[in-house]
Structures are given as C-alpha cells and as structure tokens.
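What follows is a set of notes on a single structure, which appears directly below.
The values are calculated or read from the model by the stated rules, or taken from the named source; none is laboratory data. What you are looking at is a predicted structure, and each value in this text was computed from that prediction instead of being measured. Because the Cβ atoms are built from the backbone with ideal geometry, glycine has one as well, and the counts that use them run over all protein chains shown.
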Amino acid sequence: MNTSLLTLPASPVVVRPRTVERLVVGTPTSDGAGVKLTRVLTPDLQRRLDPFLMLDAFGTDNPDDYIAGFPDHPHRGFETVTLMLEGRMRHRDSAGHEGLLGPGGVQWMTAGRGVIHSELPEQHEGRMEGFQLWLNLPARDKMRPAWYRDIPAAEIPEATTPDGATVRVIAGASHGVAGAMQRETTEPLILDLRLSPGAPFAQPLPAAHNAFVYVYRGGVAIEGTAVPVQRMAILANTPGSDGVVLAAGADGARALLIAGRPLNEPIAQYGPFVMNTHEEIFQAVRDFQSGRLA
Ligand code: CO
C-alpha cells in the first residue's frame, strides 16, 4: 500500500476577481452548406477578445439544420478548435489528415499557411451540439505548415474540486492539471466546466489576458452579475485582478471559460483567411485560386 498522503489539488486562490464588463447575445446565422449556428464571438469583438477571432455554438435535434455540413473550404493564418458535445463529424483535409470527432472530443487544427478541409456529419438523425473557436496565430507563425490533432474525450485531462466543480482542461492548466494542449505565444486557456447547483469555481487569470465565459446549460453568477444560459460574459481586464470566480445557480451550470494573451497585431480577415495585412489576404485568395494554398 502506498502510504504517502493523498492530497486533493489545492483550490487556487483568487483574491481580486474580475467583474463582468458586458453580456453578449449571439447572432443566429448559417455557414458551410447551410448549417444553422449561433455566432457568439462576432468580428466586432475580435480586437476586444484578441487572440480569439470567432466562437460559434451549434445545437439542434433537427438533421435539416446540420446534415449538409461544411464541404471543402480553405483556411489560412489561424487555428480552429472544435469541441463536440453530442454527435459525430468527420474531418478530411488536404494534408492527408482524417478523423472522426465524437461526443466530448476536441479537434485542434492549425491551418498555418493553408489547409482545405471538410467537416461533415457522420449521422443522419439525432442531436448535434458543440462549438468551434478560432484562435489567431502570431504573424511569425501564420505561414507555418498545417498541423492537426484529434483529442478523444478520454484524453482530455479532468479535475474535480471538493466544491463540486468538474473541469475538462482542453488547453492551459487548471487546479494543478495540465490541459491536452499548450500554445506558447497566446497561452490559451480553454476549460469546459460542469458545476453542481451552487458550486463555486475559481480560476487564476493574468489581468492582461482577455477572457470570457459562455454558459450553455443552467446559469452562473460572476461577482454579482447573473449570466444566463446562451450568454457570453466578457470579463473586465481590471488592473490588479488575479482571476475569476463563478458560482453556479440552483440548476447547476455548464460553461466554457476561455482566456488568452492578446497578440496586439493588425487583424485582416476575409472569410476563412485571417492575416495581418490586406496584401496578405489578396495573396491568400490568389494562392487558393491557383491551387497553391495547400
Ligand atoms: Co473549417
């Protein structure tokens, strides 16, 4: 028998928690070949939430809303992180990667200099629910080779606090648990939280990192501000603040907590291309049209 003391990971102490700067309601839209989704992080928030460029939420029981999927389309200059809650999507790309994204799984794709891929549902009925987050790349990495990783649910590290909070650590670190992914420059923190009714959850955050919470079940309170379901709370970058404290409402909550170090570089976007200058965007379009993107 191992006689060493068993210790629970110490709860991180947050002394000066951030407040909610504003609540955001997503915009219903469609993308790909007609997939219905809600754009939570819209282009007007790209500077405020640098290095994050987009967050889409999708969730439907109606196959008509997702069946056409996202046929072949290009990307350049950033990374996509797809979190699946329910349903199955098959990914194929021009670099020869193929993978099946299933419930609880995450796909991390670095488009870099270019990739052409498809994301198609591998089901004809049932529920499809999840998120796609776009994470910018620093200028010096935008033209690096494409990269891809499938992370099945079982490979995503998890921590459970004595307070009744379970955190799936997709990127960064939380409660002493290193996440499935780490990125140097933007230091993304991507947490998928499941909180019992009334449970608190504290997470240290550097004050300069941009951060937001998206609630997808139940509701939370952050320093006295109620954040209802399907709302994004942008967290204030209050100087001297050291983190965020959430408390679940009476129904508990499921939420994403996302933070990262801003790049503070120019953002030039044209659809699936995100570069620093218009000239680089024109080049991406020319490369795509002439078959030299990927
Ligand atoms: Co795509």
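Is there a residue being more than 16 Å from the ligand (Cβ to nearest atom), of a type in the set (Val, Ile, Thr), outside any strand (DSSP E or B) and at pLDDT below 95 anywhere in segment 150-157? If you could, list the steps in order and put the result at the bottom.
First, the residues of segment 150-157 that are more than 16 Å from the ligand (Cβ to nearest atom): 151-157.
Imposing the further condition that a residue be of a type in the set (Val, Ile, Thr) reduces the set to 151, 156.
Now drop any that are not outside any strand (DSSP E or B), which leaves 156.
With the extra rule that they be at pLDDT below 95, the set shrinks to none.
Within segment 150-157, not a single residue is more than 16 Å from the ligand (Cβ to nearest atom), of a type in the set (Val, Ile, Thr), outside any strand (DSSP E or B) and at pLDDT below 95.
Could you tell me how many of the residues in segment 49-69 are part of a loop (DSSP other than H, G, I, E, B) and either within 13 Å of the ligand (Cβ to nearest atom) or in contact with a helix residue (DSSP H, G or I) (Cβ under 6 Å, 6 or more places away or on another chain) (or both)? I'd like the intermediate steps shown before the answer.
At the first step, the residues of segment 49-69 found to be part of a loop (DSSP other than H, G, I, E, B) are 49-51, 61-62, 66-69.
Narrowing the set further to residues that are either within 13 Å of the ligand (Cβ to nearest atom) or in contact with a helix residue (DSSP H, G or I) (Cβ under 6 Å, 6 or more places away or on another chain) (or both) leaves 69.
Here the count works out to 1.
For Val115, which of the numbered conditions (1) farther than 29 Å from Phe282 by Cβ; (2) modelled with pLDDT of 95 or more; (3) among the β-branched types (Val, Ile, Thr) fails to hold?
Among (1) farther than 29 Å from Phe282 by Cβ; (2) modelled with pLDDT of 95 or more; (3) among the β-branched types (Val, Ile, Thr), the lone unmet condition for Val115 is (1).
So the check is Cβ under 9 Å with 6+ separation or different chains; which pairs have a first residue in segment 198-219 that's over 16 Å from Arg48 (Cα atoms) and a second one that's assigned to a loop (DSSP other than H, G, I, E, B) and basic (Lys, Arg)?
These pairs meet every condition: Leu205/Arg18.
When residues of segment 240-279 are filtered for being among the charged types (D, E, K, R) and touching a residue at least 60 places away in the same chain (Cβ under 8 Å), how many remain?
First, the residues of segment 240-279 that are among the charged types (D, E, K, R): 242, 251, 254, 261, 265, 279.
From what's left, touching a residue at least 60 places away in the same chain (Cβ under 8 Å): 242, 254, 261, 265.
The number of residues fulfilling the criteria is 4.
What number of residues in segment 271-292 are more than 25 Å from the chain's Cα centre (by Cα) and under 18 Å from Gly32 (Cβ atoms)? Spell out how you get there, then give the answer.
Of the residues in segment 271-292, the ones more than 25 Å from the chain's Cα centre (by Cα) are 278-280, 282-283, 285-292.
If we keep only those that are under 18 Å from Gly32 (Cβ atoms) as well, we get 288.
Adding up the residues that qualify gives 1.
Taking segment 250-272 as the region of interest, how many residues are in a strand (DSSP E or B) and touching a Leu at 6+ places or on another chain (Cβ under 9 Å)? Full working, then the answer.
First, the residues of segment 250-272 that are in a strand (DSSP E or B): 250-260, 268-270.
Restricting the remaining residues to those that are touching a Leu at 6+ places or on another chain (Cβ under 9 Å) gives 252-260, 269.
Looking only at that region, the number is 10.
Here's a check for you: in segment 95-137, which residue that is charged (D, E, K, R) and within 30 Å of Arg217 (Cα to Cα) is farthest from the chain's Cα centre (by Cα)? Even if it seems obvious, please write down each step before you answer.
Let us first name the residues in segment 95-137 that are charged (D, E, K, R), namely 98, 113, 119, 122, 125, 127, 129.
Retained after the next criterion (residues that are within 30 Å of Arg217 (Cα to Cα)): 119, 122, 125, 127, 129.
On the way: Glu119: 17, Glu122: 22, Glu125: 25, Arg127: 20, Glu129: 14 Å.
Filtering first and then ranking leaves Glu125.
Could you tell me which residue of segment 70-89 is nearest to Asn136 (Cα to Cα), considering only residues that are among the acidic types (Asp, Glu) and within 13 Å of the ligand (Cβ to nearest atom)? I'd like the intermediate steps shown before the answer.
Going through segment 70-89, the residues among the acidic types (Asp, Glu) turn out to be 72, 79, 86.
Right, trim to within 13 Å of the ligand (Cβ to nearest atom) and you get 72, 79.
Details: Asp72: 21, Glu79: 6 Å.
Among residues in segment 70-89 that are among the acidic types (Asp, Glu) and within 13 Å of the ligand (Cβ to nearest atom), the one nearest to Asn136 (Cα to Cα) is Glu79.
Return the only residue of Thr29, Thr82, Thr38 being among the β-branched types (Val, Ile, Thr), assigned to a strand (DSSP E or B) and over 27 Å from Glu265 (Cβ atoms). Before the answer, list the steps.
Details: Thr29 fails: over 27 Å from Glu265 (Cβ atoms); Thr82 fails: over 27 Å from Glu265 (Cβ atoms).
Just one listed residue meets the conditions, Thr38.
Working carefully through the options Gly114, Gly172, find the one that is buried (at least 19 other Cβ atoms within 10 Å of the Cβ), within 16 Å of the ligand (Cβ to nearest atom) and at positive phi.
Numbers: Gly172 fails: within 16 Å of the ligand (Cβ to nearest atom).
One residue alone meets the criteria, Gly114.
Return the only residue of Gly130, Gly99 being surrounded by fewer than 20 Cβ atoms within 10 Å (Cβ to Cβ), in a strand (DSSP E or B), more than 13 Å from the ligand (Cβ to nearest atom) and of a type outside the set (Asp, Glu).
Details: Gly130 fails: surrounded by fewer than 20 Cβ atoms within 10 Å (Cβ to Cβ).
Just one listed residue meets the conditions, Gly99.
Go through (1) under 18 Å from the mean Cα position of the chain (by Cα); (2) within 16 Å of the ligand (Cβ to nearest atom); (3) charged (D, E, K, R) and name the single condition Arg92 misses.
(1)
For the subset of segment 271-286 comprising residues that are surrounded by 14 or more Cβ atoms within 10 Å (Cβ to Cβ) and within 16 Å of the ligand (Cβ to nearest atom), which member is nearest to Asp72 (Cα to Cα)? Full working, then the answer.
Step one: list which residues in segment 271-286 are surrounded by 14 or more Cβ atoms within 10 Å (Cβ to Cβ), which gives 272-276, 280-285.
After this cut, where a residue has to be within 16 Å of the ligand (Cβ to nearest atom) as well, the list is 272-274, 284.
Working: Pro272: 12, Phe273: 14, Val274: 18, Ala284: 16 Å.
Ranking the qualifying residues of segment 271-286, first place goes to Pro272.
Would you check if His75 is surrounded by fewer than 22 Cβ atoms within 10 Å (Cβ to Cβ) and closer than 26 Å to Asp287 by Cα?
Working: surrounded by fewer than 22 Cβ atoms within 10 Å (Cβ to Cβ): no; closer than 26 Å to Asp287 by Cα: yes.
So His75 fails the test.
In the list Arg127, Arg140, which residue meets the criterion of being among the basic types (Lys, Arg), over 30 Å from Thr238 (Cβ atoms) and touching a strand residue (DSSP E or B) at 6+ places or on another chain (Cβ under 6 Å)?
Working: Arg140 fails: touching a strand residue (DSSP E or B) at 6+ places or on another chain (Cβ under 6 Å).
Step by step, each of Arg127, Arg140 is checked, and only Arg127 is among the basic types (Lys, Arg), over 30 Å from Thr238 (Cβ atoms) and touching a strand residue (DSSP E or B) at 6+ places or on another chain (Cβ under 6 Å).
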